[in-house]
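The values are calculated or read from the model by the stated rules, or taken from the named source; none is laboratory data. Just so it is clear, the structure is predicted and the values come from calculations on it, not from any experiment. Cβ: placed from backbone, ideal geometry, glycine included. Neighbour counts: every protein chain shown.
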Amino acid sequence: MMELRRWTVAALLLLFAAVLHAQPVSIADLARRAQYQDVKISPDGQYLAATTIVKGQTVLALIRLSDRKGNLVRPREEDDVTGFWWASPKRVLYSVATRLGGYDAPIPTGELFAVNADGSSPNMLYGYRKTGMSTGTLIPHATAERGNARFIAAIPDDPLHVLVAVSLWDATGLELELPVAYRMDVRTGDKIRMLAAPMRGASFVADHQGRIRFAYGTANDGSFKVYQHPVGGDGWQLLPEMGNNRSTPLAFTRDDAAVYVTCPASGGGFGVCRWDPASGALETAWSHPQVEADELLQGLARDSIAGVAFTDGRPGMALFDSESADAQVLISLMKQFPGEQVTFVSGTDDGRLSVMLVEADADPGTFYLFDRKTGKPSLLFSRMPWIDPERMARKQPFDFAARDGVKLHGYVSFPPDHEDAKHLPMVVMVHGGPYAERDRWDYESDVQLLATRGYAVLQVNFRGSGGYGYDFGRSGWGEWGGKMQDDVTDATHWAIAQGIADPRRICIYGGSYGGYAALEGAVKEPDLYQCAIGYAGIYDLPLMHGSGDIPQSSYGASYLKRVLGEDMTALAQRSPINQLDRLKARVMLVVGDGDRRVPSVQGRNLRAALQKRRVAHAWLDKSGEMHGFYSEANLTELYTMLLQFVDASIGPGAAATGTVAADGASSAH
């Protein structure tokens, strides 16, 4: 009898565990921001610095590795730490952003701060809120200044200084002058002018000896320009061929003998080349026929480069020297974490200790400390420890030909345990941007929200998306409501033809440009989508030329003319607000009243037009939110409402038996 009871209890525990595993992660957990965002090791390996959330604020954690004790560096109450850099083994610089404004994240203030690794000697190095004035000396002491300071690079042989770029503001907050590179004291913020950029909005590239060597950027007319400042030379030299090829200088080799640049691949495609500025010798280090490089791969040691990371469906890596220690370690680690992406994010000067990140489409990521001596990684921090990758949906890459033959790429996320299911209810999710942005094989909370509730999620990198070269991006110019929209339509029809989607149960959803595409899809293809969700979307294209923060600068105004066009009649014809007579889908609109990128008047005007036609619709307007919700409570409310709206429009997902409550449980209809 006792054995029977033991067996019964064990069976019940197993059943209970299975039920728990089957329950989707709660909406509130999906809406939570990552507990740890970035982790970097000090050049000598004595400390870690990490951005982490404490009581809703992103702070800087400084941790002594010997005993794992440390300090928290908190900015002002309304600010979050957004970036940080080791200037030396004992000094960290960091930047902040204010939550008093912003988009789906706070707005950077342009200020720079510094603190010692043990938390001592904090100081504001640069910014408009810096207090204190120094007089009676010829030394240019740091004072309050209205501008934006951007970290360029540390100087390995000079632990007391870093390179920064400063752009002054006018009264409206726009850049007033050309960016200027300075050598800045990491203790006081005192800065010594080096040189001004040759064009507005330029980015600088420095070598490891603290010399500014390149500047590059996009001019108001859309042309790309690259300038070189030769060692011992006199002034900037324009490099027309690099500009014409849109070749971007990325980083110098550790010995400064060459610089890695993006370059066209012979025979077509994209590459990364190693260029010797002294001799002009150019050598292809990596190439791919379809996709651009995502970034250079960090090696074991600080500032070392192991190869190239790229995304061809799933993330890939190309190692420059497969026999090197960096390559051998990376290959070994990839075998230890099958199905995951493994990258080094920082390392010590000698490469003995490195911080590595392991992440995937279903895994927000975990940081490990790798010890080259032992050859083993040890756990540091999980970005979202409450997320169980085993319960998350996986992204399956696909490609297909659009109606005019252009090859397009995308992802389908199936509900967990329903990877082979057919005729699923589906949500087409359109990314924002739209230019230079793209969908990737990575963890996304809204994809997981829908997929773990039983909906297939379709994403496509329509023409105009980033990652496939300048010409592919430019092919989307002037195609809002045209070929860009047709690509989304064609992807939807592809999913139907493959048997993935039930043609009678499809919704379309997106934010910013994706919000435009959602509503434009609903009016352009009225019989294809049963519901459309626009999140901070654009519904009146002519209004883009006069409202929001983009047209406030000359560069932004020129950009809109290039990518949207100036024919207001044509733009009006491609605006969802003027095509509502064709609308059949149910509509949900989401706005934040402080949105500066796409002012909420876009959503409000569309809502008024729907009300005038007596078209029922769902509406969510949150005070204090901007271009995408930042508050976890507001995001939880949005996700809950989104699921309820999709459920009411196309029925529950394949894995659901009822409507999903905010805590992740189910309730009967």
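Right, Gly375: under 26 Å from Ser66 (Cα atoms) and modelled with pLDDT under 95 or not?
yes
I'd like to check something: does region 479-491 contain any residue that is assigned to a helix (DSSP H, G or I) and closer than 30 Å to Ser382 by Cα?
For region 479-491, residues assigned to a helix (DSSP H, G or I) and closer than 30 Å to Ser382 by Cα: absent.
Tally the residues that are assigned to a loop (DSSP other than H, G, I, E, B) and either modelled with pLDDT under 95 or buried (at least 19 other Cβ atoms within 10 Å of the Cβ) (or both), restricting the search to region 175-189.
Residues in region 175-189 being assigned to a loop (DSSP other than H, G, I, E, B) and either modelled with pLDDT under 95 or buried (at least 19 other Cβ atoms within 10 Å of the Cβ) (or both): 6 in total.
Please return the ranges of helices (runs of 4 or more DSSP H) entirely within region 499-591 where 2 or more residues are at pLDDT 95 or above, touching a strand residue (DSSP E or B) at 6+ places or on another chain (Cβ under 9 Å) and crowded, with 19+ Cβ neighbours inside 10 Å. Step through it out loud before you land on a result.
On the way: elements: 513-524, 541-544, 554-563, 568-573.
Qualifying helices (runs of 4 or more DSSP H): 513-524.
Out of region 309-368, which residues are of a type in the set (Asp, Glu), in contact (Cβ under 8 Å) with a residue 40 or more places away in the chain and assigned to a strand (DSSP E or B)?
Correct list: Glu359, Asp363.
Given the condition at pLDDT 95 or above and either in contact with a helix residue (DSSP H, G or I) (Cβ under 9 Å, 6 or more places away or on another chain) or in a loop (DSSP other than H, G, I, E, B) (or both), answer yes or no: does some residue in region 8-25 qualify?
No, region 8-25 contains no residue that is at pLDDT 95 or above and either in contact with a helix residue (DSSP H, G or I) (Cβ under 9 Å, 6 or more places away or on another chain) or in a loop (DSSP other than H, G, I, E, B) (or both).
Here is a yes/no grid of residues against (1) more than 22 Å from the chain's Cα centre (by Cα); (2) more than 21 Å from Glu295 (Cα to Cα); (3) surrounded by 16 or more Cβ atoms within 10 Å (Cβ to Cβ); (4) of a type in the set (S, T, N, Q):
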{"site": "Ser378", "(1), (2), (3), (4)": "yes, yes, no, yes"}
{"site": "Pro389", "(1), (2), (3), (4)": "no, yes, yes, no"}
{"site": "Arg403", "(1), (2), (3), (4)": "yes, yes, no, no"}
{"site": "His409", "(1), (2), (3), (4)": "no, no, yes, no"}
{"site": "Pro425", "(1), (2), (3), (4)": "yes, yes, yes, no"}
{"site": "Asp442", "(1), (2), (3), (4)": "no, no, yes, no"}
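Where residues in region 253-282 are of a type in the set (A, V, I, L, M, F, W, C) and part of a strand (DSSP E or B), which of them is surrounded by the fewest Cβ atoms within 10 Å (Cβ to Cβ)?
Taking the candidates together, the pick is Leu282.
Scan region 227-272 for residues that are of a type in the set (A, V, I, L, M), more than 25 Å from the chain's Cα centre (by Cα) and under 20 Å from Thr284 (Cβ atoms) and report the count.
6
Return yes or no: is Arg76 modelled with pLDDT of 95 or more, surrounded by fewer than 19 Cβ atoms within 10 Å (Cβ to Cβ) and either farther than 23 Å from Arg597 by Cβ or of a type in the set (D, E, K, R) (or both)?
no
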